[in-house]
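Derivation of every value follows stated rules applied to the coordinates shown; laboratory data play no part. In this text the structure is predicted, and so the values were computed from the model without any measurement. Cβ placement follows ideal geometry from the backbone for every residue including glycine, while neighbour counts extend to all protein chains displayed.
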Amino acid sequence: MEKMYVNHLPCITWKWLKMNGVESSDLPVSASRITADVPSGWTVSDDTAAQGSDIAANSNAEIEKALFADKIVTGLGPDMDRLIKEADVPVLRLTASADEPLVIENIYKDGDSKLSAVEITIPDGVDAVVTEKFISEDVCSDGNAVCGFQTRLIIGKNASVKLDQVQKLAKNVVFYNDIGTFNAENGRFELVEVILAGGSTYFGSRSNLAGRESSLDIEMAYLVKGKEALDSNIAAFQRGKRTDAQIRVNGVLKDEAKKLTKATIDFKTGSTDSVGSETEDVLMMSDNVVNRTVPLILCTEESVEGVHGATLGRPSEEIMTYMMSRGLDKNQIYDIMEKARLDAAAAKIHDEQTRREIAEYLHPGEETE
Amino acid sequence: MALLEIKGLKVSVEDKEILHGIDLSVGAGETHVIMGPNGAGKSTLGFAIMGSPEYEKTDGTVSFDGEDITEESTDKIAKKGIFLSFQNPVEVPGVTLSSFIRNALEQVTGERIRLWDFKKKLAKAMEALDMDPSYAERDLNVGFSGGEKKKAEILQLLMLRPSLAILDETDSGLDVDAVRTVSAGIEAYKKDVGGALLIITHSTKILEALDVDRVHVIVDGKNACEGGRELVDNINENGFEQFVK
Amino acid sequence: MKEKTQVADIDRSMYDFRNEDKDAYRIENGLTEEIVLKLSEEKGDPEWVREFRLKSLKLYNEIPVPDWGPDISGLNMDEIVTYVRPNTDMKTDWKDVPDEIKDTFEKLGIPQAEVKSLAGVGAQYDSELVYHNVRKDVEEQGVIYTDFESAVKGEYGDMVREHFMKLIPPTMHKFAALHGAVWSGGSFVYVPKGVKVAIPLQSYFRLNAPGAGQFEHTLIIVDEGADLHFIEGCSAPKYNVANLHAGAVEIYVKKGARCRYSTIENWSKNMYNLNTKVARVEEGGSIEWISGSFGSHISYLYPTSDLVGEGARSDFTGIAFANTDQNLDTGCKVAHRAPNTSSYVNTRSISKGGGVNTFRSSVYVAPNAKGSKCAVSCTSLMLDSESRSDTIPAMDIRTSECDVGHEAKIGRISDETVFYLMSRGLSEDEAKALIVSGFADSVSKELPLEYAVEMNNLIRLEMIGAIG
């Protein structure tokens, strides 16, 4: 594969906006086996063959068909599956247990071109906790690397998975972070996504809310700075009755950062009494950033409620005046507000060690916890 | 013949039976009170009489003016002359109180009403209820305080002139002055229209100025006791425990 | 039983009646260079217009059909008649308009409205204006309101040439190119500096010929400090063949001027409405779009505000009602390209009976647009689960010193509200119609009374069906 097309907007719009999807030719090529301390209660399968959604065309119609056939289609899309298959990536295939959390730590080095994949089945009634870290060995390096990671989650009846992801990558790293979930009846997917650094990030997460009362809760916080870029595609495909999708994105853009957020709630016919909400709040710290957002609500069901809200810009005059009256200058206020956003999301991460690492990165030299 | 005649009425909400066979008879022009502890099914009875599709009548009959209205649709029931004052009136953005009442009045009477006559009548009724005239042009119940919402309900009662008014907890959440105004509105309805009243309440403030003909106590979805005005005083002193088996 | 309504009853025949085709001239179907040249000759175009048409036709053939919106494969350009001249010259007195055509406009209430509440009227029947008149006092203020052909050839020729298809160049999209090639009819409006036109001007477009296209061009220049309200109305009888409307509206709002452009679109449900509207607003000027979309089979409609002067402002208020066999892709585009500009977008959509609504928008705030404000709010109502409602708003913000807010909501009519209204004697249909009218209130209250009434009638017609 020479190029892949990722992060399709589930319903396309004007081409000149360049928001419908991204074509990229910077691809990770070498298959990389995940090394993790799998807790004793979890089981590892011998089968490491990549599954993929087997979608022939990159079209939204094909993706929708696959979702209706109870398949997992990830946020980045079918090309990522193809890439994983082509590179013959050995998939770490696990069955979760509630007893102990799983931590997967990926340390990337300059020159790496690693592609890995994990697939976790969460059996009926099990509540699992997973932490995934994507970290550059030297976050200050200016060496190149192109890496990718895919997480597929099959969430059983009355089961839940809390997935916490932290990304701290060097400024010339291209990274593909791809998530796909299938949620059975009352299957719950909770994601805390904290993006602290990374040269060029493609992040995608799509949930197939097939089961009745299944749900999705995403709390995402990002800091994009320097010449970094972030392209995100978050999608909730709401099929079951009384499904619930909550997507909250808080971000900070600095310097010459570029960011595009795509977030979609898609109510299909039959998703009676479902609700969906998406919000994005972006703090723009510089005049040279590019802040793009396209929040979709798609709906073919009468009995649903969907809302979307976005505020993009600088802190309000009231906040500035209030904080300045307490003796802070503009830069200090911006610094406080920037960190407050990331701290809020980081506080939701379950793994204590990971929380501490984020705090150390955001507040160097300060006493933590 | 009674104006409203309910026999053996059973009502379910989402397949759960709330009323287990209620009997009730209200004569023309009479004032009846329905009392009972929270969750007894009092409001359910009001909604069921009014034909709400969420309240399924599984057994028994409701007749009004000699006609069986058990399966009738809500608007037809309203046109026959029953009015339900809601405990929590719904907000309807974009539709003014004034245009709504005029619309409803035309539906209920089947006649077109001249705007000028209507405005005069409405202004008079609003004055009697001590309502700020600007409320006429505000969107129906949108941003109204609890008290204003209740007054707007009584205003509709006075304008629509039904032969039976069911008042569901009309006095709840009101301050003393508002209760006085609402009570005055109800008295005006009795005097001008001479209609029957079915008052659903768990307190007795609103009953002070009214001649009550009959009091019905409902507990756990069943008739627990029936009597005259003296029953109100009894409940004031002894509460509902005495009726709970 | 006859229904009682608060406003005058209407029935579909009000829009749906059709006249026999007695046009004087009808160009053959389809689109070739030969046809375009013939059309140009027929209209007596000046040289530059003819050149422009040919250049546009070339672009039309090169630009692909849009693949991001509703399917327009049902529109076969080889079957569309691009030019139909009615059997009359343009008149300035209704008395002189042929009875049959006059009848049409009388049924639509245009002459009556002119007497009551309009400063000027233009009426287009198929491809040409059949009537144009402006009130004397307005004319005396120096306001020019004329049919586009006379404007091109007359004393404003240079002004027209300077502005024509500069905001909507034929390169913009396929149907802008088509418009450039086959445009015919429309109006030219010039409001001189400081002149405030107290009451609205109106153009009404009626497409009577089956299988025809209407491609009128409207050019409005509101000079510094001037003020104008322009109303556009459109309708057509229903045919079994596709009709096409690909008009273009270009509005220049100069320094400190204000223009309000209102449309109640009620094309018949075999119409492909691929209309383009752009306003360019200079320093301190303001454009107000009021847009009601009720008719047509397919619509692509996104009025665009290009805010190029400091403090320029755009207001967009829109409503779209998609019923059976309708796919309405509507919305707006705003570009903030100067400091302290502001834009407000408020839309409502209603989907019913399998109808499809898409709200599509884009907001761009340029790096130099410091101190700008933008608020977008769109609310959609789904009346059943056969219908569809999509919201696709895009934002591209390039300065931190701005304030951009966006909110979207989708929902249904609550059973509780319907029950409440029914308990006061309204039938279920009446109750729902009332709720939908209330939902549309934020748009109808922006319209002059007669048009608000017409809009309410259209909502009732869609909700309850033909009345009376």
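Here are the numbers:
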| read-out | value |
| --- | --- |
| Residue exposure sequence - A:261, A:311, A:354 - by fewest surrounding Cβ within 10 Å | A:311, A:354, A:261 |
| For region C:243-347, the fraction of alpha-carbon pairs in successive 5 Å shells from zero, as % | 3, 14, 24, 21, 15, 11, 7, 4, 1 |
| Region A:109-126 - phi-based ³J(HN,Hα) in whole Hz, Karplus 6.51/-1.76/1.60, Gly and Pro as x | 10, 4, x, 5, 9, 8, 10, 9, 8, 10, 10, 10, 9, 9, x, 3, x, 8 |
| Given A:227/C:333; A:241/A:268; B:10/B:79; C:107/C:238; C:95/C:153, the pairs whose alpha carbons are separated by over 18 Å | A:227/C:333; B:10/B:79; C:95/C:153 |
| Per DSSP, loop GluC sites (Glu not before Pro) in region C:114-213 with at most 11 further Cβ within 10 Å | C:155 |
| Nonlocal amide H pairs with residue C:372, under 5 Å, H built at 1.01 Å | C:340, C:341, C:403 |
| Solution diffusion estimate, µm²/s, Stokes-Einstein, the protein assembly as shown, Kirkwood Rh from C-alpha pairs, 25 °C, viscosity 0.890 mPa s | 75 |
| Stokes-Einstein translational diffusion, region C:419-468 - Kirkwood Rh over all Cα pairs, 1.002 mPa s, 20 °C, in µm²/s | 189 |
| Only Lys, Arg (+1) and Asp, Glu (-1) charged, at Cβ; region A:151-297 dipole about Cα centre in debye | 320 |
| A:140, B:225 arranged by Cβ crowding within 10 Å, fewest neighbours leading | A:140, B:225 |
| Whole-angstrom gap from region C:107-179 to region B:114-151, using each part's C-alpha centre | 46 |
| Distance between modelled label sites at residue C:106 and residue B:119, nm, 7 Å Cα→Cβ extension | 3.4 |
| Most positive-pole-ward Cα, A:69, A:48, B:51, against dipole of the protein assembly as shown from beta carbon charges | B:51 |
| Whichever lysines have a C-alpha closer than 19 Å to that of residue B:119, once near sequence neighbours (fewer than 8 apart) are set aside | B:151 |
| Potential lengthening between residue A:326 and residue A:44 on full extension [0.36 nm per residue; Cα-Cα distance subtracted] | 96.0 nm |
| Neighbour-limited loop hits for trypsin sites (Lys or Arg not before Pro), region C:173-220 (at most 14 other Cβ within 10 Å; DSSP other than H, G, I, E, B) | C:193 |
| Relative contact order [Cα under 8 Å, 6+ residues apart], chain B, whole percent | 27 |
| Two-site FRET efficiency, residue A:336 against residue A:272, from Cβ-Cβ distance with R₀ of 60 Å, rounded to 0.05 | 0.85 |
| Only Lys, Arg (+1) and Asp, Glu (-1) charged, at Cβ; region C:294-420 dipole about Cα centre in debye | 300 |
| Values of log10 I(q)/I(0), in the order q = 0.12, 0.14, 0.22 Å⁻¹, for region A:42-149 under a Debye, Cα-only, solvent-free model | -0.54, -0.72, -1.23 |
| For region A:259-369, alpha-carbon Rg and Dmax in angstrom | 18.7, 55 |
| Value of relative contact order over region C:419-468, rounded to a whole percent, pairs C-alpha under 8 Å and six or more apart | 39 |
| Antiparallel bridges, percent of DSSP beta bridges restricted to the protein assembly as shown (to nearest 5) | 15 |
| Using a Förster distance of 60 Å, the FRET efficiency for residue B:137-residue A:99 (Cβ separation, nearest 0.05) | 0.40 |
| Whichever lysines have a C-alpha closer than 19 Å to that of residue A:348, once near sequence neighbours (fewer than 8 apart) are set aside | A:133, A:162, A:168, A:339 |
| Descending principal axes extents, chain C, alpha-carbon based, whole Å | 67, 58, 47 |
| Cα-based Rg of chain B normalised by 2.2 N^0.38 Å, two decimals | 0.99 |
| Per-selection Kirkwood Rh - region A:4-314 (Cα, Å, 1 d.p.) | 19.3 |
| Principal axis dimensions, region C:325-432 - Cα atoms, whole angstrom, descending | 56, 31, 15 |
| Charged-residue dipole, Cβ positions (Lys, Arg, Asp, Glu), region A:4-314 about Cα centre, Debye nearest 20 | 640 |
| In region B:97-178, GluC sites (Glu not before Pro) in a DSSP loop with at most 11 other beta-carbon atoms within 10 Å | B:111 |
| Which of B:224, B:13, B:113, positive extreme of dipole for chain B (C-beta unit charges) | B:113 |
